[in-house]
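Visitor: Right, I'll just put the structure down here and ask away after.
The numbers here are math on the coordinates, done by the rules we state, and not lab data. Values in this document were obtained by computation on a predicted structure and should not be read as measured data. Cβ coordinates were reconstructed from backbone atoms using ideal geometry, including for glycine residues, and neighbour counts include every protein chain displayed.
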């Protein structure tokens, strides 16, 4: 399905936790949180995508880390990208979905980039990309109390938009569509 797998080191996990703590101190937390939420999983995605991107291509990529609340996570050659990472206990399989907290669906971005952090195996799966407008057309909204699957009931304040990963453009295909060929590292995936 065109996924990219990246190892998640203890150093990355600690950096993600530190970055999440810094962001929570600076911006606060708009969600009711449970210990099992692992909000720092999103930072694992950002850290590893940034690292992989710098190794794979030389297109202008800016990771937005200052005054970041409510903004894109990255700007890639002029295009704004919201990075969305979920944690899972199992590897990605056909039929799985990707999601965005409903409060973030209207972020001012051109594209969403989705990843999955498989924490027992300590690996990140870069899944794919989709324009924000296509995402909103193709995704399903799940209000509080609804069930995404047997083990996932939406909590109040955690409403989501959910999309089948098969509806995403595979990561490399999506990035190659927007990054000129001359920017790519010849050894990139």
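Visitor: Would you mind listing how long region 4-176 runs along its three principal axes, going by Cα atoms, in whole Å with the largest first?
Guide: 44, 34, 32
Visitor: Of the peptides 18-25, 40-47, 156-163, 113-120, how do they stack up when ordered by the mean number of other Cβ atoms within 10 Å, highest first? Can you show the working numbers first?
Guide: Values: 18-25: 14.0, 40-47: 23.1, 156-163: 17.2, 113-120: 21.2.
In decreasing order of mean packing, 18-25, 40-47, 156-163, 113-120 become 40-47, 113-120, 156-163, 18-25.
Visitor: While we're on this one: Using only DSSP helix segments of four residues or longer, with each worth -39500 (n - 2.57), what per-residue ellipticity at 222 nm results for the chain after dividing by its residue count and rounding to 500? Could you put the intermediate results ahead of the total?
Guide: On the way: 4 runs with 49 residues, N = 189.
Calculated at 222 nm, the ellipticity per residue is -8000 deg cm²/dmol.
Visitor: First check a/c for region 105-176, with a ≥ b ≥ c the square roots of the eigenvalues of its C-alpha gyration tensor; if it is under 1.5, answer rounded, and if not, answer prolate when a/b is larger than b/c or oblate otherwise.
Guide: On the way: a/c = 2.14, a/b = 1.23, b/c = 1.74.
It is oblate, given that a/c is not under 1.5 and a/b is not larger than b/c.
Visitor: Can you give the angle from 0 to 90° between the axis of helix 41-56 and the longest principal axis of the chain, with both taken from C-alpha atoms, to the nearest 10?
Guide: That helix lies at roughly 10 degrees to the long axis.
Visitor: Among 71, 84, rank each residue by its count of other Cβ atoms within 10 Å, from fewest to most, as a rough exposure measure.
Guide: So the residues, fewest neighbours to most, are 71, 84.
Visitor: Which percent, nearest 5, of DSSP beta bridges in the chain are antiparallel?
Guide: Looking only at bridges with both residues in the chain, the antiparallel portion is about 80 percent.
Visitor: Would you calculate the convex hull of the Cα atoms in region 136-181 and tell me its volume per residue in Å³? The partial results should precede the final answer.
Guide: On the way: hull volume 4.5 nm³, N = 46.
Measuring per residue, one finds 97 Å³ for the Cα hull of region 136-181.
Visitor: Continuing with the same structure: Suppose R0 equals 41 Å. What FRET efficiency, 1/(1 + (r/R0)^6) with r the Cβ-Cβ distance, do residue 17 and residue 182 give to the nearest 0.05? All intermediate terms of the calculation are to be shown ahead of the outcome.
Guide: On the way: r = 37 Å, r/R0 = 0.91.
Computed FRET efficiency for residue 17 and residue 182 comes out at 0.65.
Visitor: Let me ask you something else. On C-alpha positions alone, give me the angle between the axis of helix 10-27 and the longest principal axis of the chain, in degrees, nearest 10.
Guide: Orientation of helix 10-27: about 60 degrees from the principal axis.
Visitor: Packing-wise, with mean Cβ within 10 Å as the measure, how do 174-183, 125-134 rank, highest first? Walk me through the numbers before you get to the answer.
Guide: Working: 174-183: 14.9, 125-134: 20.8.
Top to bottom by mean Cβ count within 10 Å: 125-134, 174-183.
Visitor: OK, next. Below 8 Å, C-alpha to C-alpha, sequence gap of six or more: please give me the relative contact order for region 143-189 in percent.
Guide: Taking the mean separation of contacting Cα pairs over the length of region 143-189, I get 23 percent.
Visitor: With an 8 Å Cα cut-off and a minimum separation of 6 or more residues, compute the relative contact order for the chain in percent. All intermediate terms of the calculation are to be shown ahead of the outcome.
Guide: Values: 331 pairs, mean separation 45.9, N = 189.
The normalised contact order for the chain reaches 24 percent.
Visitor: Give me the distance in nm between label points sitting 7 Å out from Cα along the Cα-to-Cβ direction at residue 162 and residue 89, one decimal.
Guide: 1.7 nm
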